[in-house]
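Here is the structure we will look at.
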Amino acid sequence: MSADTTTNDVAAWMLAIVQEYGELTQNNAYYMINKQFGSGFTTVTNSGSPSIKNSVLTAFKRISEDTVVWERGEKKWRKREFYDAPGRGQP
């Protein structure tokens, strides 16, 4: 990780992964962000679950709100399809 890496850099990387592969699971994002950018952009919840810091998720949502949806059941982001309901979250 460069000292100059920002939450916007990590968010842009997440969007590039979704655009290239069609999806990004929360677990893969957590481990790949740790490896590529360092642990400063991730956290572990009180229940012990790996998580991405809210600042990164906010930046990611800002740049991908119209093109990416969150599938709660599968815990992944994926490209928005024509049949998706309005809004970010999908069942």
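Please return the longest range in the chain lying between exposed loop sites, taking chymotrypsin sites (Phe, Trp or Tyr not before Pro), DSSP loop only, at most 11 other beta-carbon atoms within 10 Å, and leaving the sites out. Present the calculation step by step, with values, prior to reporting the outcome.
Numbers: sites that count: 82, 83.
No qualifying site falls inside 1-81, the longest such stretch.
Report the net charge of residues surrounding residue 22, where surrounding means a beta-carbon distance below 15 angstrom and charges are Lys +1, Arg +1, Asp -1, Glu -1.
-2
Identify the GluC sites (Glu not before Pro) of the chain meeting these criteria: DSSP loop state and at most 15 other C-beta atoms within 10 Å of the C-beta. Don't skip to the answer; put the middle values down first.
Working: sites: 20, 23, 65, 71, 74, 81; in loops: 65, 74, 81.
Loop-located and lightly packed - 65, 74, 81.
No lab work stands behind these numbers, since they all come straight from the coordinates. For clarity, every value in this text was computed on a predicted model and none was experimentally measured. Positions of Cβ are backbone-derived with ideal geometry, glycine not excepted, and every protein chain shown enters the neighbour counts.
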